[in-house]
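The values are calculated or read from the model by the stated rules, or taken from the named source; none is laboratory data. Note that the structure is predicted; figures quoted are calculated from it, not measured. Cβ coordinates were reconstructed from backbone atoms using ideal geometry, including for glycine residues, and neighbour counts include every protein chain displayed. Note: accessible area is taken over every heavy atom of the protein model, side chains too, but ligands, DNA and RNA are not part of it. Shrake-Rupley method; radii C 1.70, N 1.55, O 1.52, S 1.80 Å.
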2 protein chains.
Amino acid sequence: MSAAQHPLYARDAAARRIIPGPPPASTVEDERLDVWGFKDSGFQVNDEGNVEVLGKRYAAGGDILTELLPWVRGVFDSPVTGEDQNPPHYPPAIPDAVVNAAFTAAVGNIFAAEKRSDDPELRLRHGHGHTQEEMYAIKYGRIPRVPDLVVWPTDEAQVIALVKAAQEHNVCLIPYGGGTNVTNALICPENETRMIVSIDMQGMNKILWIDPVDHTACIEAGAIGRNITSQLAEHGFMMGHEPDSVEFSTLGGWIATHASGMKKNRYGNIEQIVQDFRLITAEGSVLERFDGNPRESTGADPRRWVFGSEGNAGIITSAIVKLFPLPAVQRYGSVLFKDFEIGTQFMYDLARAGNPPASVRLVDNLQFQLSMALKPPKQGMAKLKSSAEKLLVTKLLGYDPNKMVACTLVFEGTEEEVSIQEKLLYGIAKRHGGMKAGGENGERGYQLTFAIAYIRDFIMNHWLIAESFETSVPWSGVLPVCERVKQRIQDEYTARGLPGKPFITCRVTQVYDTGACIYFYFAFYYKGIDNPSEVFSELEHAARDEILKAGGSLSHHHGIGKIRTPFLRRIQSVSLINWNRGFKKAIDPGNIFGVGNHAPESRE
Amino acid sequence: MSAAQHPLYARDAAARRIIPGPPPASTVEDERLDVWGFKDSGFQVNDEGNVEVLGKRYAAGGDILTELLPWVRGVFDSPVTGEDQNPPHYPPAIPDAVVNAAFTAAVGNIFAAEKRSDDPELRLRHGHGHTQEEMYAIKYGRIPRVPDLVVWPTDEAQVIALVKAAQEHNVCLIPYGGGTNVTNALICPENETRMIVSIDMQGMNKILWIDPVDHTACIEAGAIGRNITSQLAEHGFMMGHEPDSVEFSTLGGWIATHASGMKKNRYGNIEQIVQDFRLITAEGSVLERFDGNPRESTGADPRRWVFGSEGNAGIITSAIVKLFPLPAVQRYGSVLFKDFEIGTQFMYDLARAGNPPASVRLVDNLQFQLSMALKPPKQGMAKLKSSAEKLLVTKLLGYDPNKMVACTLVFEGTEEEVSIQEKLLYGIAKRHGGMKAGGENGERGYQLTFAIAYIRDFIMNHWLIAESFETSVPWSGVLPVCERVKQRIQDEYTARGLPGKPFITCRVTQVYDTGACIYFYFAFYYKGIDNPSEVFSELEHAARDEILKAGGSLSHHHGIGKIRTPFLRRIQSVSLINWNRGFKKAIDPGNIFGVGNHAPESRE
């Protein structure tokens, strides 16, 4: 290559930058308001009493899961059937809108009629995320306070005008991204008497530019993960950020929640991917920087404090993110281990070796069983092969079906990078007696993530209530946290004399040099329990208490919202809490951004 | 390995953690007060008029650099000789101490007599870092305001008591680490009328524990880099943080300046290495967290704002850092390229390939020449070989001695990791016509870093004034920044009719996915210039102006201190500046931590 042909020769940013077209026409209409996900996807019980996967969007679409309900009845020790349902009463009673007439008039001057709405179901949708409390409430209860108005700004000037109007008329503003949080972060403070406006950022959803030399892109904060992915791919790039919610969550939401992606080993977490961002402050001015990146030391940086601010700090309007070329190779894989302890030791050694694949996750035995139960039964030769494999693994090789665990793998990179990682990983796995179980199982395990949220809403109608929670913990605490949380849940369950058996399972989803992220699913059969959502919350809180006692963090990537606020004092010194309170007061003395996450009432 | 033999089986932290002994007896006495570094090291002109490297601490010790002065006379176009000196007048006049009697009495109750001092030279040393302004001032001018008292706390309780006393008696506190900053960060505000106390943290210098399972260590903030390195190495570990100042700077200083290490490609920058820290606030309480690591999402985190706070936020007392095992293999290397543009293109492609060595640095032609001039001449066969090599490179292969550049490499890791990186890197180098130039040159280039600061102080006595500054910039801006800064310096120099030729050279010292760090050295011959230090500052400011215009950041890792404060408004919106001001006011309304970095006077 001559020097003049090299990418760095293209010095004119305006000439080299790509300005993509608009994203795919908004597909918000394709999403359900009452449950997770797309309208055309989900689960239902068919006429034969078997669970069926709906739609064509996912690989599993059309699968008939004959083993699922029998398995569920066994592990929950509960009479779950297709027929016995708890039909939801969505929509619940929705509170009337509080109207600040002067502000409403101002909003009429900023937003066209179709970019603002006081429709009750839209207001409701903007007043919750996807915790079990919230999903239970919209189906079987109610949400006492929801936004009074929803607006969809399409540019930064509208956001600024809105904030200034809110400041003038003392209105509370709550930014809204994809509405996928699982922390009650969007729940409106019950005692908020001001008019509450939800700012749905999905009106600002464009990729403003792609720089193919610097490998950066400037993207509006309301852009949805799936659109970012598809639009960047058209130009050979990716952001690499793949949280479980990537189909529906937004760039701004990722920053505001300090998000983590499943492929962070290769691409980094959100704080490593985002190079810069713009935010509209409570004064209606733009918080921004004008000098270069990628990394700098220019004094204490309040922008770093915005990561995880969950709506308290202002409205993020756009960000400059790192790009990666689409990987030449993507290969899935999986490995079986005899038990969770051995699997965890494998994960530790893999992290120590320093070059793990883009994603590596270890599921415990119960979750391994779940993934098996979510497979459609094989037919013909495939069935024979599958049975023979099971026999080989369980009888000849001595894997106990009630102890064995699985590790799912996603390798991305050049052929050479992937080959090196595979060789390293499978070598370590072998030292731990691991057995390769193929790419198909690996892909299934990875994609299962996207189905889980649908399953949760589906089973709630069948008397099963469920939720996930997570933590990060130093390596030495991984096994203790997993064991103690399971035991604590069991103890609390027994002490309350609750029906059947609790379902509690975990996986190690992220590895770091000094520790790991652990992700739990917890569920139980709630028929006959008076206040199942509250009971669930109690047990979930007990689990969190146990996590903290065992040395885990309060959250690895879900965040605090309101659900974890009562624990803040347990993890932060009074001075740290006071600093946060002081920072917030300094930048938003009128509490215009009054979503109330990390609520002051827990402070001293 | 059986599961019970695995490191993760060691669940009892108290049992597995290593408590190292105290660090090597304080070697502060080995350090010079008036210039950089150890008393036994440095440069001098010997009786033959040649520059000689003093001491045995560094590999170059004892070298006679016969080519250096002739080369210097050429590139500066100036009559620099060994005899013609500008003898320093150190110590300068040192201002009398301001004494707050009530506070001084309180300090007497907190600190033993040997842990506090009002010795003028010690007070002076604690009132400056290593900018050219400061070094020029202590030799040829004066520093108008220095701390009035120095204290050496040995535990956190003393720091707390000190802060409370300062609060009660309205005294200004300035934390001091290694005193190596190059941003005027330790310069006392001239208009500070309160008593100023320098808190020398080197009294808190212990490694409190090493966790060999989690690969973490808890280290007191005053521990010096060289002691951290040697003490961790005794147990097979390293922190991997190697700033140019690592011999003298401290852990707390690294956090406070958002430092970067030369081997960050493998070990990360300071914000990636530090997992947690404790800080004493202006109220005298401990800012700390109680939950686990390694990564979390627990709301907006003021601790992230402390990185880069440069003494404004409080006193960092200890930190938990990541550890890495000592690498099995460390190999140096070097590659020659025909010119800087080609070398930069190589660096870009290397960064794109994603697996660079621990350290890779590209020096421009002038810096390459400097490294040659700093070599002692070869004798006998080595001389013949060296001449033959020069002939080969310059005549047969067509490398122009006035254009060619060099890249120095440090590979660390397992033999396999290093081999993979070498193969990848040398393959990319070959595509750019690069020629391998061996490990010896690589090591020399890398170690040169540690000599430069000595050289700067040495040449100041010989009428040469010098300083380094740095920036980070997106890849597309690397060449423009280098070219424009050199041109701007030349233009400013010419416009002022200054003597001889300015010396301005750069290297690319860090690669990132989206950009790089560029490090400049600037020097000129100042004999006959009335106010050389001021002229230097003017030109340095012009260079910074040019960096910003060309898209660079205000600083990659040196920080702001006071030297870059006038530029803050250029890189931050008013709202960002106001947020910082608001944060500071919220946590330290009495400005007890009144070092005045990122000074409010530049704010609006």
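Could you state how much accessible area is buried at the B-A interface, both sides summed, with a 1.4 Å probe, in Å² to the nearest 100? Spell out each step's value before the answer.
Working: alone 25520 and 25510 Å², together 43020 Å².
That pair of chains buries around 8000 Å² in total.
Out of region A:337-391, which trypsin sites (Lys or Arg not before Pro) are coil in DSSP terms and have no more than 16 other C-beta atoms within 10 Å?
Counting only loop positions with at most 16 other Cβ atoms within 10 Å, the trypsin sites (Lys or Arg not before Pro) in region A:337-391 are A:378.
Based on alpha-carbon atoms only, what is the radius of gyration of region A:36-112 relative to the globular estimate 2.2 N^0.38 Å?
1.87
List the residues of region B:296-314 whose accessible area drops by at least 50 Å² when all protein chains are present, compared with their chain alone, using a 1.4 Å probe and counting only protein heavy atoms.
Residues of region B:296-314 that lose at least 50 Å² of accessible area once the other chains are added: B:297, B:298, B:300, B:302, B:304, B:305.
How many percent of the accessible area of chain A is carbon or sulfur, using a 1.4 Å probe?
Ligands and nucleic acids excluded, carbon and sulfur reach 54 percent.
Given a cut-off of under 8 Å on Cα pairs at least six residues apart, what relative contact order in percent is computed for region A:429-529?
32 percent
For region A:61-116, run through the GluC sites (Glu not before Pro) and keep only the ones in DSSP coil with at most 11 other Cβ atoms within 10 Å of their Cβ.
A:83
Across region A:536-545, in residue order, what do the Karplus-derived ³J(HN,Hα) couplings come to in whole Hz, using 6.51 cos²θ - 1.76 cosθ + 1.60 with θ = phi - 60° and x for Gly and Pro?
Here the 3J(HN,Hα) series is 4, 4, 4, 5, 5, 5, 4, 4, 5, 4 Hz.
In debye, nearest 20, what is the charge dipole magnitude of region A:475-563 about its Cα centre with +1 on Lys and Arg Cβ and -1 on Asp and Glu Cβ, if you could check?
Rounded to the nearest 20 debye, it is 160 debye.
Averaged over B:279-291, how many beta carbons belonging to a partner chain fall within 10 Å of each residue's beta carbon?
5
Give me the dipole magnitude in Debye, nearest 20, for the protein assembly as shown about the Cα centre, with unit charges on the beta carbon: positive for Lys and Arg, negative for Asp and Glu.
Here the size comes out at about 1760 debye.
Once you sort the root eigenvalues of the Cα gyration tensor of region A:271-418 as a ≥ b ≥ c, which label holds: rounded (a/c under 1.5), prolate (a/b larger than b/c) or oblate (the other case)?
prolate
Could you tell me whether region B:69-214 comes out rounded, prolate or oblate from its Cα gyration tensor? Rule is a ≥ b ≥ c as square roots of the eigenvalues, rounded for a/c under 1.5, then prolate if a/b exceeds b/c, otherwise oblate. Intermediate values should be presented prior to the final figure.
Values: a/c = 2.95, a/b = 1.61, b/c = 1.84.
Cα axes put region B:69-214 in the oblate bin.
Is the protein assembly as shown best put as rounded, prolate or oblate by its Cα gyration tensor, with a ≥ b ≥ c the root eigenvalues, rounded for a/c under 1.5, and otherwise prolate when a/b is larger than b/c, oblate when not?
Judged from the Cα gyration tensor, the protein assembly as shown comes out prolate (a/c at least 1.5, a/b above b/c).
Mean projection of the alpha-carbon convex hull of region B:367-501 over all orientations, in nm²?
11.8 nm²
Work out the charge dipole of region B:32-164 with +1 on the Cβ of Lys and Arg and -1 on the Cβ of Asp and Glu about the Cα centre, then indicate which of B:94, B:76, B:54 is farthest towards its positive end.
Comparing the listed Cα positions along the dipole, B:94 ranks first.
Would you calculate a helix-derived [θ] at 222 nm for chain B, using -39,500 (n - 2.57) for each DSSP H run of n ≥ 4 and dividing by the full residue count, to the nearest 500?
The per-residue figure over chain B is -10500 deg cm²/dmol.
So if I take the alpha carbon set of chain B, get Rg, then get Rh from the Kirkwood formula, what is the Rg over Rh ratio?
0.96
Could you let me know the centre-to-centre spacing of region A:317-362 and region B:143-219, using Cα atoms, in angstrom?
About 42 Å separates the Cα centre of region A:317-362 from the one of region B:143-219.
Toward the positive end of the charge dipole of the protein assembly as shown, about the Cα centre and with charges on Cβ (Lys, Arg +1; Asp, Glu -1), which of B:112, B:174, A:329 goes farthest?
A:329
Give me a single rounded figure for B:472-482: the average over its residues of other chain Cβ atoms within 10 Å of their Cβ.
Taking the mean over all residues of the peptide, I get 6.
Restricting to Cα pairs below 8 Å that are 6+ residues apart, what does the relative contact order work out to for region A:491-546? Please round to a whole percent.
The normalised contact order for region A:491-546 reaches 31 percent.
Leaving out ligands and nucleic acids, note down the accessible area per residue over chain A with a 1.4 angstrom probe, in whole Å².
So chain A comes to 36 Å² accessible per residue, rounded to a whole number.
Go through A:125-134, B:10-19 and give me the packing order, highest mean Cβ count within 10 Å leading.
A:125-134, B:10-19
Compute the accessible area of each residue in region A:561-584 twice, once for its chain alone and once with every protein chain present, using a 1.4 Å probe on heavy atoms, and list those whose area falls by at least 40 Å².
A:571, A:573, A:575, A:576, A:579, A:583
Using the structure shown, select from B:562/B:584; A:527/A:562; B:263/B:390; A:164/A:584 the pairs with a Cα to Cα distance greater than 23 angstrom.
Over 23 Å apart, Cα to Cα: A:527/A:562; B:263/B:390.
Rounded to whole Å, give me the distance from the Cα center of region A:545-560 to that of region A:78-97.
31 Å
Counting only protein heavy atoms, probe 1.4 Å: which residues of region B:338-358 lose 40 Å² or more of accessible surface in the full assembly compared with their chain by itself?
At a threshold of 40 Å² (probe 1.4 Å), the residues of region B:338-358 that become less exposed are B:341, B:345, B:348, B:352.
Give me the percent relative contact order of chain B, please, defined on Cα pairs under 8 angstrom at least 6 residues apart. Before the final figure, lay out each step's value.
On the way: 1188 pairs, mean separation 95.8, N = 604.
Computed over chain B, the figure is 16 percent.
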